[in-house]
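The values are calculated or read from the model by the stated rules, or taken from the named source; none is laboratory data. Fair warning: this is a prediction, and the values are worked out from it, not measured in the lab. We place every Cβ from the backbone using ideal geometry, glycine too, and count neighbours over all the protein chains shown. For the accessible areas, the whole protein counts, side chains as well, though only heavy atoms, and no ligand, DNA or RNA atoms are used. Shrake-Rupley method; radii C 1.70, N 1.55, O 1.52, S 1.80 Å.
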Amino acid sequence: MTYEMFFPLQISLGSDSVHLMTFGQPRIGNAAFASYFEQYVPSAIRVTHEHDIVPHLPPYFFFLPHLTYHHFPREVWEHDVDGNTTFRVCDGSGEDPDCCRSVFALFLSASDHLTYMGVEIAADDWSTCRIVMAQSVERLQLYLASNVITSKIPVDIIIADHSVQTDPSSSS
């Protein structure tokens, strides 16, 4: 679902009915957009992983905060602390300097974008909607059900069947 499709859905259903969790999302708008998005999708969660380079794109320029791309809040940063995987719920700014922004640019990694919560995130090719690899589905469901506590509302996990393909030209 694209963000252009998400806003009308959110506005028509109300902010309590639509929840969004993204994994490794890049910055998609400026500070005004992030504020607008937070107003209409207050339960949105962005999960970032260790040294994933994608959440750092486009770059954030702290000296031009109103002119640069900006994440919407709430970030949950998955990273290792003393060999243990830790999930840090970051501040509500969308650009918490103590979360994924704390990673020095030379240590950013494309490989960290391919695995979240120990699950390989991949697609067969650009035309498929297959996102989560079958051997890791149960692990992802357990992780989300037991380790990530981000709201008072329980989260339903929906995993698409690998055999299901969508035709982008058939969407209206």
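Go through region 79-113 and count every residue that is under 16 Å from Pro26 (Cβ atoms) and among the basic types (Lys, Arg). Give the steps one after another, and end with the answer.
The first filter runs over region 79-113 and keeps only residues under 16 Å from Pro26 (Cβ atoms), leaving 94-95, 99-101, 103, 105, 108-110, 112-113.
Filter once more, keeping what is among the basic types (Lys, Arg): 101.
Count: 1.
So for region 55-63 (the condition being at pLDDT 85 or above, within 21 Å of Ile121 (Cβ to Cβ), of a type outside the set (Lys, Arg) and open to solvent by 70 Å² or more (accessible area, probe 1.4 Å)), does at least one residue qualify?
So far as region 55-63 goes, yes, one or more of its residues are at pLDDT 85 or above, within 21 Å of Ile121 (Cβ to Cβ), of a type outside the set (Lys, Arg) and open to solvent by 70 Å² or more (accessible area, probe 1.4 Å).
So which residues in region 73-104 are without any contact (Cβ under 8 Å) to a residue 24 or more places away in the chain and in contact with a Cys (Cβ under 9 Å, 6 or more places away or on another chain), if there are any at all?
Hits for region 73-104 are Arg88, Cys90, Asp91, Asp96, Asp98.
Condition check: assigned to a strand (DSSP E or B), closer than 14 Å to Pro55 by Cα and either in contact with a Leu (Cβ under 9 Å, 6 or more places away or on another chain) or at pLDDT 85 or above (or both). Does Glu95 satisfy that?
It is false that Glu95 is assigned to a strand (DSSP E or B), closer than 14 Å to Pro55 by Cα and either in contact with a Leu (Cβ under 9 Å, 6 or more places away or on another chain) or at pLDDT 85 or above (or both).
Go over the candidates Val89, Val47 one by one and state the one that is modelled with pLDDT of 90 or more, surrounded by 15 or more Cβ atoms within 10 Å (Cβ to Cβ), in contact with a Lys or Arg (Cβ under 8 Å, 6 or more places away or on another chain) and of a type in the set (A, V, I, L, M).
On the way: Val47 fails: in contact with a Lys or Arg (Cβ under 8 Å, 6 or more places away or on another chain).
After ruling out the rest, the residue left standing is Val89.
From His66, His70, grab the single residue that is touching a residue at least 12 places away in the same chain (Cβ under 8 Å), touching a helix residue (DSSP H, G or I) at 6+ places or on another chain (Cβ under 8 Å) and surrounded by fewer than 18 Cβ atoms within 10 Å (Cβ to Cβ).
His66
Please work out which residue is farthest from the chain's Cα centre (by Cα), limiting yourself to region 1-39 and to residues that are modelled with pLDDT of 80 or more, open to solvent by less than 70 Å² (accessible area, probe 1.4 Å) and among the aromatic types (Phe, Trp, Tyr).
Phe33
Return the residues of region 92-119 that are open to solvent by 30 Å² or more (accessible area, probe 1.4 Å) and under 19 Å from Ser43 (Cβ atoms); say none if nothing qualifies.
Gly92, Ser93
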